[in-house]
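Below: the structure, in structure tokens.
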Amino acid sequence: MATEGPGAKATKANINLSTADFALEHYVAVTTEGESAGVEQLFAADFNQKIQATNAQSNSRSAVVKLLKKQKGEKLNCTVSTDILEESADYMVAKSDTKI
């Protein structure tokens, strides 16, 4: 069995999120196409996801990142549409609909 040399250490992927368009595109790829590279870059350190359903849920940044990494390679059979609701030089507010 071959062993990996010192240069084979895994490195974090650095994804270009320099614009809101790139960030939105990468978020859709992560959530629907099983992309996991650079998922940490999508969420701020104080990110907290709140889901309102029968039982309200709250997930920390680390829990969301862990879940998305666990879904690596899993592609959803769905269509995604995104609408830009508001945009300026500093930020973008977008709505993303996923239909399965």
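The values are calculated or read from the model by the stated rules, or taken from the named source; none is laboratory data. Everything numeric in this text was worked out from a predicted model, so none of it was measured. Neighbour counts run over all protein chains shown; Cβ positions are idealised from the backbone, glycine included. Side chains included, ligands, DNA and RNA excluded: accessible areas come from the protein's heavy atoms. Shrake-Rupley method; radii C 1.70, N 1.55, O 1.52, S 1.80 Å.
Annotations
One line per residue, one yes/no per condition, for (1) surrounded by fewer than 10 Cβ atoms within 10 Å (Cβ to Cβ); (2) closer than 19 Å to Val28 by Cβ:
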position	(1), (2)
Thr54	yes, no
Ser62	no, no
Thr82	no, yes
Ser88	yes, no
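- Residue list for region 64-79, restricted to those being under 22 Å from Lys95 (Cβ atoms), β-branched (Val, Ile, Thr) and open to solvent by less than 60 Å² (accessible area, probe 1.4 Å): Val64
- Each residue in region 30-40 was checked for being free of Cβ contacts under 8 Å to residues at least 40 places away in the same chain, open to solvent by less than 20 Å² (accessible area, probe 1.4 Å) and not β-branched (Val, Ile, Thr), and 1 pass.
- Leading residue by the ranking (farthest from Phe22 (Cα to Cα)) among those in region 90-100 that are open to solvent by 60 Å² or more (accessible area, probe 1.4 Å) and of a type outside the set (D, E, K, R): Ile100
- Test: Leu67 is of a type in the set (A, V, I, L, M), in contact with a Lys or Arg (Cβ under 7 Å, 6 or more places away or on another chain) and outside any loop (DSSP other than H, G, I, E, B): no
- Residue check, Thr11 surrounded by 10 or more Cβ atoms within 10 Å (Cβ to Cβ), farther than 21 Å from Thr98 by Cβ and at pLDDT below 95: no
- Residue list for region 43-63, filter: among the aliphatic types (A, V, I, L, M) and modelled with pLDDT of 95 or more: Ala63
- For first residues located in region 16-27 and at negative phi, partners that are modelled with pLDDT under 90 and open to solvent by less than 60 Å² (accessible area, probe 1.4 Å) and lie 6+ apart or on another chain with Cβ distances below 8 Å form the pairs Phe22/Ile15; Ala23/Leu17; His26/Ile15; His26/Leu17.
- Filter pass, Asp46 being acidic (Asp, Glu), outside any strand (DSSP E or B) and either under 16 Å from the mean Cα position of the chain (by Cα) or surrounded by 11 or more Cβ atoms within 10 Å (Cβ to Cβ) (or both): yes
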